[in-house]
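Chemist: Below is a structure I'd like to ask you about.
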Amino acid sequence: MIITIGREFGSYGHVIGKKLAEKLGIKYYDKESMAIEAKKSSQYEELKAFYEEEPVSSLLYVIALDSGSGRHGEVPFQFIRQLAAKQDCVIVGRCGNYILKDNPDMTSVFIHAPEEYRIQKTAESRKLSMEKAKKLVEKEDRARAGFHKYYADEIWNCSDSYQLTIDSSVVGVDGAVEMIMEFLDKKERMK
């Protein structure tokens, strides 16, 4: 079982992913934990930009939008496939839905919420003004969209790229975890 979670900034997708992994008793991977695993690899130099740096600057984002090549991540993609092949896991971000789309054991989820909700939650959790929170939410969403476009040549928050989408502002963190677990159960029964 592999669950990939894409998320808008401030939608609590990482918290949902972590709680889901704990509830299922499986491994949790996000950008930071995958970077730790990448450091153990002999291919670390080729993986470094994918996990540690901001590989999608504004200029690269524009180039990615124009190029449509989407084949920039063969080594990181293979690394994620190897991580997912080792054990059941939840993978948050890093184009997991795209990289593992051909894996029959993968379930892809996208967590979203209205921008105003995400700005409010970001302002509260990070003790920022609403203006600074708005800029941060917009910046992070642009970066995620650019990262996904650069590496996967797909639109990051397009519902067609995910099997399940959830508005966390409606159901909350625990409700989202429950919904994903119910979806996994129904998906298993449909096999």
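The values are calculated or read from the model by the stated rules, or taken from the named source; none is laboratory data. Note that the structure is predicted; figures quoted are calculated from it, not measured. Positions of Cβ are backbone-derived with ideal geometry, glycine not excepted, and every protein chain shown enters the neighbour counts. Surface accessibility is based on the protein's heavy atoms, side chains included, excluding ligands, DNA and RNA. Shrake-Rupley method; radii C 1.70, N 1.55, O 1.52, S 1.80 Å.
Chemist: If I go through the range 1-24 residue by residue, how many of them are assigned to a strand (DSSP E or B) and open to solvent by 50 Å² or more (accessible area, probe 1.4 Å)? Let's see the steps before the verdict.
Modeler: Quick first cut of the range 1-24, residues assigned to a strand (DSSP E or B) only: 2-7.
Checking which are open to solvent by 50 Å² or more (accessible area, probe 1.4 Å) leaves us with none.
Number satisfying all stated conditions: 0.
Chemist: In addition: Name the single residue, out of those in the range 28-38 being among the acidic types (Asp, Glu) and either open to solvent by less than 60 Å² (accessible area, probe 1.4 Å) or not in a helix (DSSP H, G or I) (or both), that is nearest to VAL92 (Cα to Cα).
Modeler: Ranking the qualifying residues of the range 28-38, first place goes to ASP30.
Chemist: Out of curiosity, is GLU124 open to solvent by 50 Å² or more (accessible area, probe 1.4 Å) and under 18 Å from SER11 (Cβ atoms)?
Modeler: Yes; evaluated as a whole, the condition is true for this residue.
Chemist: Then there is this: Is it the case that SER41 is at pLDDT below 85, among the polar types (S, T, N, Q), in contact with a helix residue (DSSP H, G or I) (Cβ under 7 Å, 6 or more places away or on another chain) and assigned to a loop (DSSP other than H, G, I, E, B)?
Modeler: On the way: at pLDDT below 85: yes; among the polar types (S, T, N, Q): yes; in contact with a helix residue (DSSP H, G or I) (Cβ under 7 Å, 6 or more places away or on another chain): yes; assigned to a loop (DSSP other than H, G, I, E, B): yes.
For SER41, the condition - at pLDDT below 85, among the polar types (S, T, N, Q), in contact with a helix residue (DSSP H, G or I) (Cβ under 7 Å, 6 or more places away or on another chain) and assigned to a loop (DSSP other than H, G, I, E, B) - is met.
Chemist: Tell me yes or no: at least one residue of the range 90-102 is of a type in the set (A, V, I, L, M, F, W, C) and surrounded by fewer than 19 Cβ atoms within 10 Å (Cβ to Cβ).
Modeler: No, the range 90-102 contains no residue that is of a type in the set (A, V, I, L, M, F, W, C) and surrounded by fewer than 19 Cβ atoms within 10 Å (Cβ to Cβ).
Chemist: Pull out all pairs, ordered by first then second residue, where Cβ-Cβ is under 7 Å, the residues are six or more apart or on different chains, the first lies in the range 162-191 and is without any contact (Cβ under 8 Å) to a residue 40 or more places away in the chain, and the second is part of a helix (DSSP H, G or I) and β-branched (Val, Ile, Thr).
Modeler: Filtered contacts from the range 162-191: MET179/VAL171.
Chemist: Only one of ILE155, ILE180 is aliphatic (A, V, I, L, M) and open to solvent by 70 Å² or more (accessible area, probe 1.4 Å); which?
Modeler: Answer to the check: ILE155.
Chemist: In the range 71-89, which residue that is assigned to a helix (DSSP H, G or I) and of a type in the set (Gly, Ala, Ser) is least open to solvent (accessible area, probe 1.4 Å)?
Modeler: That would be ALA84.
Chemist: Quick one: in the range 91-121, of everything that is assigned to a loop (DSSP other than H, G, I, E, B) and of a type in the set (A, V, I, L, M), which residue is farthest from GLY175 (Cα to Cα)? Step through it out loud before you land on a result.
Modeler: Of all residues in the range 91-121, those assigned to a loop (DSSP other than H, G, I, E, B) come to 93-95, 100-105, 113-114.
Checking which are of a type in the set (A, V, I, L, M) leaves us with 100, 113.
Values: LEU100: 25, ALA113: 14 Å.
Per the stated criteria, the residue is LEU100.
To keep it simple, each residue is scored yes or no on (1) on the phi > 0 side of the Ramachandran plot; (2) of a type in the set (Val, Ile, Thr); (3) under 15 Å from the mean Cα position of the chain (by Cα).
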site: ALA143; (1), (2), (3): no, no, yes
site: ALA152; (1), (2), (3): no, no, yes
site: GLY172; (1), (2), (3): yes, no, no
site: GLU178; (1), (2), (3): no, no, no
